[in-house]
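Notes to accompany the following structure.
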Amino acid sequence: MNSRTEQVAAFVLHSRPYRETSALVDLFTLEYGKVSVVARGVRRPGSKLRHTLQPFTVLAVRFAGQSELKTLHQAELVELLPTLTGKALMCGLYANELLERLLQPLEATPQLFLNYKVLLNDLLQTQDHETSLRLFEQALLRELGCWNDLSGCHQPYYRLQAGEGIKAVLDVSSAHFTGDQLRSIEQGEYTDTSVRKAAKYLMRELIKDQLGDKPLRSRELFQSRTKQIVGEGK
């Protein structure tokens, strides 16, 4: 990618200071997947980009560069979504961190980009954040190539075996899931409490395999916030 791109749709995943007045920004784009850019001068007082490069807003950006790290040339606000707050904000930060850490640079994932937009809309419009996250996690795992179709799980009991995936077992005491739960997860049907619990365990374990030993910052933040709320309620 040697020449400047045309405008592409993007979301900000994460940004951090770079040198005195610039920032390194990880973008999630429709056409190029995850792209890391240098936003020069963005931290200067009065910079127009300072308030534009914010998470959870739809942007149109232009960038260029021969290396994996690009230079941002333009960023315009396309759609200002309502502000995420509370649990919805924690869920959004969690999704951003997953994309930042698990996506390979400059690999287009257009379907996942649409799944991400659906997640943000759901976080704004519904209270069932758990279902919204499970659906997004499933889409991400499928994009990463580490999701196996569960619609054929017709045995009574199954277990998630490290390094082997989901295996049928005879003993219910060693099972993590029932076949009915796995088929419901595949279809995105989360009305049953036991399916929700099974899906949370399954997604967490599969994602943990992809993340390695480094914990998620957003999960630690959510746990800290939950403890704070519980403490305030005493």
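Test of understanding: in a Gaussian network model of the chain with alpha carbons linked when under 10 Å, which of L27, L141, L81 would top the mean-square fluctuation ranking? Of L27, L141, L81, the Gaussian network model singles out L81 as fluctuating most.
Let's test the formula: R0 of 30 Å, r as the Cβ-Cβ distance of Q66 and Q210. What FRET efficiency results, to the nearest 0.05? For R0 = 30 Å, the calculated efficiency reads 0.55. Ordered by the count of other Cβ atoms within 10 Å of each Cβ, fewest first, T85, T71 give T85, T71.
Pick from E137, E189, E20: which is most flexible by mean-square fluctuation in a GNM of the chain where alpha carbon atoms under 10 Å apart are linked? Top of the fluctuation ranking is E20. For Rg/Rh (Cα atoms, Kirkwood Rh), the value calculated from this model appears in (1) 1.02; (2) 0.95; (3) 0.93 under label (1).
Here the simple spin-label model places points 7 Å from the Cα toward Cβ, and for H73 and R19 these points are separated by 1.8 nm. Between helix 217-233 and the chain, what is the angle of the helix's C-alpha long axis to the longest principal axis, kept within 0 to 90° and rounded to the nearest 10? Between helix and principal axis, roughly 70 degrees.
Think of it as helices only: each DSSP H run of n ≥ 4 in the chain is worth -39500 (n - 2.57), and spread over all residues that comes to -13500 deg cm²/dmol at 222 nm. Excluding same-chain neighbours fewer than eight residues apart, the aspartates and glutamates reachable from K70 by a Cα-Cα span under 17 Å are E6, D26, E31, E100, E107. Between the amide H of V78 and those of V58, L59, A60, distances stay under 5 Å, these residues lying 5 or more places away or on another chain, with hydrogens modeled in the peptide plane. Rounded to the nearest 10 degrees, the inclination of helix 193-211 to the longest alpha-carbon principal axis of the chain is 50 degrees.
Read-outs: derived from the displayed coordinates by stated rules, not from any lab. Fair warning: this is a prediction, and the values are worked out from it, not measured in the lab. Using ideal geometry, Cβ is built from the backbone for each residue, glycine included, and neighbour counts are taken over all protein chains shown.
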